[in-house]
Amino acid sequence: MTNLVRIICLAVFVFQQQPSRPTQPTDPMPPPNLDYFVGSWEFDWNVPESPLGPAGKMKGTETYRKVLSGQMYESEIKGEGPDGQFQGRAITSYDDKEKLVSRYELFSFGLSTFKSGTIGGDLGGYYTIFWESAPIKKGGHTVKLKGKTQMLSPAHYRLLTEISVDGGPYTSLGNPWFRKVDAKPGQ
């Protein structure tokens, strides 16, 4: 085959793959796939002082792997923060019927959290998990966390995290970025 014939065949194939109409607001949202998280992600996070710990920079890596069938994931967290090095583990699951994401975290510095919330998205493939934590007892205080996990691109996601101490108003706990370690250039 000549190069011209190959180009024409490719153009016909690509044209046939295009949708026959523009996306409509009534089109159903494609289901989220939490395989998005599988792999290693670097993070950095500037945290304010709170009952959870001192102010400063936290940085490290979280590595996700899929476990069992369905959408259940285990992750290992390794990092360094104002109090030194830390490790953690998390289990994240997704209930497709309820559109509910749940995550249990356990850290070497004595913190464990359970977070859950719904996931929403748009027809462009951007998804956001809207989550809240169960109350956390730490340093004589009751702490609640809430936030959003914004799945922005194949190579980046962001947390927008807020904290409430002893039933007070929610204030920012920082907004860390997560970058895929093995992302390809241009992602």
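Note that the stretch 168-181 has calculated 3J(HN,Hα) couplings of x, x, 6, 10, 5, 10, x, 9, x, 9, 10, 10, 5, 5 Hz, one per residue in order, obtained from phi through the Karplus relation 6.51 cos²θ - 1.76 cosθ + 1.60 (θ = phi - 60°); glycine and proline are x.
Report the FRET efficiency, 1/(1 + (r/R0)^6), for residue 21 and residue 181, where r is their Cβ-Cβ distance and R0 is 45 Å, rounded to 0.05. Step by step, r from the Cβ atoms, then E = 0.70. Model label sites at residue 126 and residue 78, defined 7 Å from Cα along the beta-carbon direction, differ in position by 3.4 nm. The charge dipole of the chain, taken about its Cα centre with unit charges on the Cβ of Lys, Arg, Asp and Glu (plus for the first two, minus for the last two), comes to roughly 260 debye.
Summed over qualifying helices (DSSP H, 4 residues or more, each -39500 (n - 2.57)) and divided by its residue number, the chain shows a 222 nm mean residue ellipticity of -2500 deg cm²/dmol.
Applying 1/(1 + (r/R0)^6) with r as the Cβ-Cβ distance of residue 29 and residue 59 and R0 = 30 angstrom yields a FRET efficiency of 0.35. Only Cα sites of the chain enter the Debye sum here, all with the same form factor; the resulting log10 I(q)/I(0) across q = 0.14, 0.15 1/Å is -0.85, -0.96, listed in q order.
Summarising the amide proton neighbourhood of residue 177: residues at separation of 5 or more, or on other chains, whose placed amide H is nearer than 5 Å comprise 44. How high is the relative contact order of the stretch 32-180? Use alpha-carbon pairs under 8 Å, at least six apart in sequence, and give a whole percent. Answer for the stretch 32-180 is 18 percent.
All of the numbers you see were taken from the coordinates with simple rules; none came from a lab. These figures come from a predicted structure and were not determined experimentally. FYI the Cβ positions are ideal-geometry reconstructions off the backbone, even for glycines, and counts take in every protein chain you see.
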